[in-house]
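K.L.:
If you scroll down you'll find the structure; I have some questions about it.
Bear in mind that the values in this text are calculations on the coordinates, not laboratory data. Everything numeric here is computed off the predicted structure, so don't read it as measured data. In this analysis, Cβ positions are derived from the backbone assuming ideal geometry, glycine residues included, and neighbour counts consider all displayed protein chains.
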Amino acid sequence: MAPAPAQPQPGVAPPAPGAGQPPAPPPVQPQREGRRSGISPGVAGAIGLGAGVLGGIMATQGAERFDDIRSRREERREGDFTVIREPGRTIIRDDDGRAIIRRDEDQRFRDLGWQGRSERRNGETRTVFERPDGTRIVTVTDGEGRLIRRTRIDRDDREVVIIDNTLRDRPGRFADDIVVLPPPPLPIPRERYIVDADQADEDLIYETITAPPIAAIPRRYTLDEVRYSPDLRARMRSVDIDTINFDTGSWQVSPDQGRRLAVIADSVRRALQSSPNEVFLVEGHTDAVGSDVDNLSLSDRRAQSVAEILTRDFQIPPENLTTQGYGEQYLKVQTQEAARENRRVTLRRITPLLTGQNR
């Protein structure tokens, strides 16, 4: 792929703190929550249009190489935006080059070999995956494919809420999912705010992924608000899993690199023993070579690959993980050339953002 200029992603202008540089001091003004303009309402409507059909044939027919992904894309124009469907993903792109990516919220469970049953009622889809021990994972999505609620129910019918988006306080448009907050001050050294996994022991990684927010969380936020709002994510420390680097155009993790996730998995497991409803976001990234659409898709698949390994090889419950690709938006090394350091994943605890609790 030839180098291409970086494109702004989902209504977000500059790279966010936690993506290769420390946050700047906050401006001298009252802390006020705002909204970025984001993608137009027309694109917002198309997000649901695309996401709602992901569970069909395109999501279940796998692809091993990125050339396969490109060859099977279906693209169509809808007003001032483009809907791009490919195996397992829907990408929405507007005429300014901004794009977002969505996926079937249950597909990762199916890719792990879990068998689920779904029923549609009152415009919502309820999918239940049952483990051999009788534990059930219940996912509820709306008519546009957005996650409403995910819970775990044990054999005694005790329910643990993992993700609850039912208290969305604004209309479900994409522009409404982008939250703008003043950049938080950085009260700790940068190397303890964004921790490089290859230079950290398990204690530091555990401390990082269980640390409270570095700045106050004004309220609870939905999962999409967290996914698409760098100002929110910047309030949580993160671990760059640079022990794994991907080949160009690949989302595959070799067995020897997969074993390097053991320290990450041990830290996540310790956190879940203390608090079984923790949610961790696995963020995928690429270098700046190639198109923004290719990079967005590739990064999302990289995040899912790592999440699947954490579950399959290290028994991290899949319901406690969620994934999102950001393409080339957050370069660790500021170069438009191919850079292995930029082809990576990042792990971040997002539970306080989802619950509004400052701990």
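K.L.:
Sorting check: for 113-123, 342-352, 178-188, which peptide has the highest mean count of neighbouring beta carbons within 10 Å, and how do the rest follow? Provide the component values of the computation, followed by the final result.
P.N.:
Numbers: 113-123: 10.0, 342-352: 24.0, 178-188: 17.5.
In descending order of packing, they fall as 342-352, 178-188, 113-123.
K.L.:
Place the peptides 325-337, 66-78 in order of packing, highest mean first, counting for every residue the other Cβ atoms within 10 Å and averaging per peptide. Before the final figure, lay out each step's value.
P.N.:
Numbers: 325-337: 19.9, 66-78: 12.9.
Going by the mean number of other Cβ atoms within 10 Å, highest first, we get 325-337, 66-78.
K.L.:
Specify, per residue and in Å³, the volume enclosed by the convex hull of the alpha carbon atoms belonging to the range 131-285. Please list the in-between numbers first.
P.N.:
Numbers: hull volume 26.5 nm³, N = 155.
With only Cα atoms used, the range 131-285 gives 171 Å³ per residue.
K.L.:
Something else: Classify the range 86-209 from the C-alpha gyration tensor, please: rounded if a/c falls under 1.5, else prolate or oblate depending on whether a/b exceeds b/c. Write out the running numbers ahead of the final one.
P.N.:
Working: a/c = 1.85, a/b = 1.23, b/c = 1.51.
It comes out oblate by the Cα gyration axes.
K.L.:
A further question on this structure: When a/c is below 1.5 the answer is rounded, else prolate if a/b is larger than b/c, else oblate, so apply that to the range 201-263 with a ≥ b ≥ c taken from the square roots of the Cα gyration tensor eigenvalues. Don't jump to the answer; show the numbers that get you there.
P.N.:
On the way: a/c = 3.31, a/b = 1.61, b/c = 2.06.
Here the range 201-263 falls in the oblate category.
K.L.:
What are the ³J(HN,Hα) couplings of the range 205-220, residue after residue, when phi is run through the Karplus curve with 6.51, -1.76, 1.60 and θ = phi - 60°? Round to Hz, x for glycine and proline.
P.N.:
Result, rounded to whole Hz: 5, 4, 4, 5, 8, 10, 5, x, x, 7, 8, 4, 9, x, 6, 7.
K.L.:
Oh, and also: Which cross-chain or sequence-distant (5 or more) residues have an amide H under 5 Å from the amide H of ARG73, H modelled 1.01 Å from N in plane?
P.N.:
The list, which skips near neighbours in sequence, is empty: none.
K.L.:
Follow-up. Answer rounded, prolate or oblate for the range 60-136, using the Cα gyration tensor with square roots of eigenvalues a ≥ b ≥ c: rounded when a/c is under 1.5, else prolate when a/b is larger than b/c, else oblate. All intermediate terms of the calculation are to be shown ahead of the outcome.
P.N.:
Values: a/c = 3.19, a/b = 1.71, b/c = 1.87.
Here the range 60-136 falls in the oblate category.
K.L.:
Under a 5 Å amide H to amide H cut-off, with H placed in plane at 1.01 Å, what residues pair with VAL345 once short-range neighbours are removed?
P.N.:
So VAL345 has HN proximity to ILE241.
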